[in-house]
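Quick notes on the structure that follows.
The values are calculated or read from the model by the stated rules, or taken from the named source; none is laboratory data. Values in this document were obtained by computation on a predicted structure and should not be read as measured data. Please note: Cβ atoms are built from the backbone with ideal geometry, for glycine as well, and neighbour counts cover all protein chains shown. Calculation scope for accessible area: heavy atoms of the full protein, side chains included, ligands and nucleic acids excluded. Shrake-Rupley method; radii C 1.70, N 1.55, O 1.52, S 1.80 Å.
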Amino acid sequence: MRTTPILALDVPAAADAIELVDYLGDRCRFYKVGSELFTAAGPGIVRELRARGCDVFLDLKFHDIPNTVTGGVRAAAAVGARLVTVHATGGRAMLEAAVQAAGADCGVLAVTVLTSLNAGEVAAVWGRGSPLDLSAEVMRLAELSASAGAHGLVCSGLEAPAVHGRFGDKLALLVPGVRAADATAHDQARVITPAGAAAAGARYVVIGRMVTAAADRRAAMERVLEDLA
Ligand code: C5P
């Protein structure tokens, strides 16, 4: 299965986002809009990307009561988002509500355990005893997400092989933390190359500073495409 690169528009304003999208042209046709850009620019940025023929991953990580998440996901799908994120820890009813609200043209991706949390922090937040097996927690939440009908899961390249091995095509995996083999990891603890993510079973890779912080962003995006080819 082909792995689709999604470029993260981690910029403060719509003008910066559109400038980058127009600059990359055909090299990238799928963009991630996260909470920074969405809060600053509003749904108009999603419409602008769609008007340019691009697909949009709206990464707002909804986590609320089912009725509220229904409204948020329905609005995201209506504005043209192709993918949206919700927290798996919102529970089965919330996940099912999100899947139903997304409809046929928008996929719900579940976030299991934020990669910024370590086992001790998860144990403290959820009142569990330590030591806690984080990969078992990810697998448990993956099971819940799959049975609730989620399109896929956000997971690190480290977890992807086990999740892909267990669920196969039942869950589309989206892998962030992607870097060129010779590059700096920035603040990411677990990084993987585009080809490594593809081999690990990723359906989508989220590309951030590997391209956005490159001196030549077109050349950097072309390297991603070559690596995935
Ligand atoms: O620049 P970098 O490649 O680190 O950016 C990664 C993008 O993926 C950012 O938009 C970040 O919010 C997102 N992300 C992540 N780690 C996760 C989930 C999402 O880095 N576990």
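Translational diffusion coefficient, Stokes-Einstein: compute it for the range 21-155 using the Kirkwood radius over C-alpha pairs as Rh, at 37 °C and 0.692 mPa s, and state it as an integer in µm² s⁻¹. Spell out each step's value before the answer.
Working: Rh = 15.7 Å.
The diffusion coefficient I find is 209 µm²/s.
What you get for the range 156-225, charging only the Cβ of Lys and Arg (+1) and of Asp and Glu (-1), is a dipole of about 120 debye around the Cα centre. The C-alpha atoms of the range 123-191 occupy a region whose extents along the principal axes are 37, 32, 16 Å, arranged from largest to smallest. Each semi-axis of the equivalent ellipsoid for the range 80-175 is √(5λ) with λ an eigenvalue of the Cα gyration tensor; in descending order they amount to 23, 15, 11 Å. Here's how it looks for V56: its modeled amide H is under 5 Å from those of Y31, R82, L83, which are all 5 or more places away or on a different chain. The distance between label points at D169 and R2 comes to 1.5 nm (points 7 Å beyond Cα on the Cα→Cβ vector). Hull surface divided by four, with the convex hull built on the Cα atoms of the range 4-228: how many nm²? Average of the hull's projected areas for the range 4-228 equals 11.9 nm². Taken about its Cα centre, the chain carries a charge dipole of roughly 380 debye when the Cβ of each Lys and Arg holds +1 and the Cβ of each Asp and Glu holds -1.
In whole percent, and with a 1.4 Å probe on the protein chains, what portion of the accessible area of the range 31-79 is carbon and sulfur? Looking at the range 31-79 in its full context, I get 51 percent from C and S. For the chain, the mean residue ellipticity at 222 nm estimated from helices alone is -13000 deg cm²/dmol, where every DSSP H run of n ≥ 4 contributes -39500 (n - 2.57) and the total is divided by all residues, rounded to the nearest 500.
Per residue, the accessible area of the range 76-203 comes to 43 Å² when a 1.4 Å probe rolls over the protein heavy atoms.
Sites count as exposed loop sites when they are trypsin sites (Lys or Arg not before Pro), lie in a DSSP loop, and have at most 15 other Cβ atoms within 10 angstrom; the longest stretch of the chain without one is 53-127.
Across the protein chains, with a 1.4 Å probe defining accessible surface, the residues D182, D64 rank D182, D64 from largest area downward. Full extension of the segment from H186 to E48, taken as 0.36 nm per residue of separation minus the current Cα-Cα distance, would add 46.7 nm.
Which value, in Å³ per residue, describes the convex hull spanned by the Cα atoms of the range 108-229? Write down the numbers at each step before the final one.
Numbers: hull volume 13.5 nm³, N = 122.
Per residue, the Cα convex hull of the range 108-229 comes to 110 Å³.
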